[in-house]
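What follows is a short report on a single structure.
The values are calculated or read from the model by the stated rules, or taken from the named source; none is laboratory data. Here the structure is a predicted model, which is why all the values come from computation and not from measurement. Side chains included, ligands, DNA and RNA excluded: accessible areas come from the protein's heavy atoms. Shrake-Rupley method; radii C 1.70, N 1.55, O 1.52, S 1.80 Å.
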Amino acid sequence: MPKSHIASAAAAAARLRNLFDAKDVAELVDGIRHGQRLAVSRAITLVESTRPQHKQSAAALLSQLSFRPGSAPPPLGLRVGISGPPGAGKSSLIEALGCALVNAGEKVAVLAIDPSSAQTGGAILGDKTRMSKLSCLDGAFVRPTPSRGTLGGVARATADAVAVCEAAGFTWTLIETVGVGQSEVAVSRLCDCMALVMPPVGGDELQVIKRGITELADLVVVNKADGPTQLAARRAAAAFRGTLHFHRAVRRAWTARVQTASALTGEGVGALVDNLREYRQALLASGELQQLRRDQAIHLAWKAAEEGLLEDLRSSEGVQAALGTLRPQLAAGSLGVRPAAEAMLAALRAEWSSGQGLVEGIRR
Ligand code: GDP
């Protein structure tokens, strides 16, 4: 067999095992810098991976992609979190919004956070969010299926995915989440702007949803303002406007707005683009966007460190051994939960300090 075939067979086999070595990482970085969607997609698979052997490669990739002091800073786009109850039309509206942005010359990435994926394998968003029109456009990158894992893990992986997309020039990121309070808060910590997509409901249902409108909203979009639901959408928008007056301002340079839209007819999608652009401009001018990015980076560093700690705790042999010894006493109630936890942490610290001793020994 010719050498080149052997090499490509080996590369294919490595790909099959989903391994990423330094050469793969360098290739990915190059592909991402050239805006290649396949490279972006593979890189996201890598940063989402929970396999220990992928962690180092993912860290190497992210560090090579990060902006180097001294070089021109990348342009600031907008990270938009899009949340709302299932069926409100989030996916449809994101597709319409994404197409409008791309047609206006922007590069747009769509990502999704689905905390239910930990339990259901991502049944709520799942494959539903295909966004076939948007994914065909050159200026768009659509990644509908989020990784599995804890909400913290999924949020961290999403933040990494945002970094990959931005390095590839997709400076507008639209992050879809199902309207579960906890995930909304997690997404708001990753995003510059939170848009809530609401259905055109009235009466009692509206009262319930109004209560659910959080202080996090920068923009409320009442969708399905078309056909028989057009009037209801306008009424709901007026009711939401009234509600927002009671909320404290989320941003210094921006007061939350409410608008109607139809993902079906496209009406209001232009206004949505305008609102997002105005929002970005207002926060840029006041310096709030730059401050938000700094806050996000610090928050995400904490989250990544917390996730790392949890992984260390769960994978520690010392902790497992301590738990094995304590389990009968815990089960019998002769040992409290708090002392058991202290013993587990002590086992982890002991493992760390022996590891530290090893590192120092090697240095000496
Ligand atoms: P999601 O669960 O919030 O992502 O909602 P989807 O985008 O999947 O939409 C839920 C349903 O509402 C689908 O049947 C859509 O076709 C429909 N839908 C979405 N947007 C509109 C709209 O603007 N007008 C109308 N009439 N239907 C819409």
Open item on the list: How high is the relative contact order of segment 294-363? Use alpha-carbon pairs under 8 Å, at least six apart in sequence, and give a whole percent.
Closed with: 30
Open item on the list: For the full complex of protein chains and a 1.4 angstrom probe, list Trp254, Trp352 by accessible area with the highest value first.
Closed with: Trp352, Trp254
Open item on the list: Whole angstrom only: what separates the Cα centroid of segment 44-77 from the Cα centroid of segment 283-323?
Closed with: 15
Open item on the list: With a 1.4 Å probe and all protein chains kept in place, how do Leu216, Leu206 rank by accessible area, largest first?
Closed with: Leu216, Leu206
- [ ] Enter the accessible area of Glu205 (Å², nearest 10), with the probe set to 1.4 Å and all protein chains included.
- [x] 110
Task: Fraction of accessible area attributable to carbon and sulfur, segment 228-274 (%, probe 1.4 Å) - done: 56
TODO: Could you state the accessible area per residue of segment 294-363 in Å², with a 1.4 Å probe and every protein chain left in place?
DONE: 70
Task: Percent carbon-and-sulfur accessible area, segment 294-363, ignoring ligands, DNA and RNA, probe 1.4 Å - done: 63
Task: Cα gyration tensor, segment 294-363 - rounded (a/c under 1.5), prolate or oblate - done: oblate
TODO: Would you list, by chain and number, the aspartates and glutamates whose Cα falls below 13 Å from the Cα of Lys133, excluding same-chain residues fewer than 8 positions away?
DONE: Glu95
